């Protein structure tokens with residue numbers, strides 16, 4: 001089965017589940033940036049209620065999780081499957097929640113959720129970013145532009161967090177010479193500042209992969225990675241603090 005037929009097959013299988021109103025393809029395959037071995041990321045959109053047992057009944061190899069099993073919020077649950085020897089991830093998306101996130105983003109409101117594998121956390125507007133960037137395979141979904149209010153507020157809040165993370169990194173180094181914690185917080189600050197710059201430019205972010213480079217902060221990251229002594233780390237943090245801006249923005 002070639003990729004086009006596989007995509008259509010999985011979309012049809014998911015779209016046929018009770019309660020599913022739309023199916024979209026996400027990740028690198030939706031953007032045309034995938035490798036031959038890249039995962040397939042599908043989102044199924046339901047209204048009010050979806051029963052994961054209906055997906056389990058398909059008999060695909062892998063694990064089907066209950067609603068909310070991944071902690072709720074942005075990560076509402078899904079499945080890790082192998083279909084036709086391809087790795088497939090399925091995400092559950094409740095349309096009532098999606099519409100709430102869409103309204104909040106339009107008003108410039110969002111929150112961050114701290115999840116495994118995310119250095120700086122994941123913003124609640126990721127659900128909206130999926131609508132903008134994913135490719136709809138079944139049903140219909142809105143395709144939002146980046147709200148001006150969100151661009152202003154997300155840029156400010158992420159930048160303020162970056163400044164605070166950098167201040168803490170430098171403070172820990174000065175007070176305790178804890179290079180591990182200092183470097184970790186500086187890396188977090190670079191990720192936060194990357195979110196800020198992407199928001200200011202009205203560019204959606206789905207995850208942190210390649211985010212620092214896409215935001216133009218690769219030089220700052222290189223400074224940090226080349227710091228092989230405590231003295232070099234202190235100098236790198238000072239320079240990064242200057243480049244990032246050094247003080248919180250005003251609302």
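Given the conditions (1) surrounded by 17 or more Cβ atoms within 10 Å (Cβ to Cβ); (2) under 21 Å from residue 38 (Cβ atoms); (3) in contact (Cβ under 8 Å) with a residue 24 or more places away in the chain; (4) over 15 Å from the mean Cα position of the chain (by Cα), report the number of the one that residue 78 does not fulfil.
Among (1) surrounded by 17 or more Cβ atoms within 10 Å (Cβ to Cβ); (2) under 21 Å from residue 38 (Cβ atoms); (3) in contact (Cβ under 8 Å) with a residue 24 or more places away in the chain; (4) over 15 Å from the mean Cα position of the chain (by Cα), residue 78 violates only (3).
Suppose the filter is buried (at least 18 other Cβ atoms within 10 Å of the Cβ) and in contact with a strand residue (DSSP E or B) (Cβ under 6 Å, 6 or more places away or on another chain); does residue 43 pass it?
Considered against the rule, which asks whether it is buried (at least 18 other Cβ atoms within 10 Å of the Cβ) and in contact with a strand residue (DSSP E or B) (Cβ under 6 Å, 6 or more places away or on another chain), residue 43 comes out as yes.
Based on this model, can you work out whether residue 90 counts as within 17 Å of the chain's Cα centre (by Cα) and over 23 Å from residue 7 (Cβ atoms)?
no
Can you tell me how many residues within the stretch 2-30 are out of contact with any helix residue (DSSP H, G or I) (no Cβ under 7 Å at 6 or more places or on another chain) and either modelled with pLDDT under 95 or over 19 Å from residue 129 (Cα atoms) (or both)?
19
Would you point out which residue out of 142, 123, 147 is exposed (fewer than 15 other Cβ atoms within 10 Å of the Cβ) and at negative phi?
142
Suppose the filter is surrounded by fewer than 20 Cβ atoms within 10 Å (Cβ to Cβ) and farther than 20 Å from residue 135 by Cα; does residue 71 pass it? Outline the logic, then answer.
Details: surrounded by fewer than 20 Cβ atoms within 10 Å (Cβ to Cβ): yes; farther than 20 Å from residue 135 by Cα: yes.
Yes.
Do we find that residue 206 is out of contact with any strand residue (DSSP E or B) (no Cβ under 7 Å at 6 or more places or on another chain) and touching a residue at least 60 places away in the same chain (Cβ under 8 Å) in this structure?
Judged against the criteria, residue 206 is a match.
The values are calculated or read from the model by the stated rules, or taken from the named source; none is laboratory data. Fair warning: this is a prediction, and the values are worked out from it, not measured in the lab. Don't worry about glycine lacking a Cβ; one is built from the backbone with ideal geometry, like all the others, and counts go over all protein chains shown.
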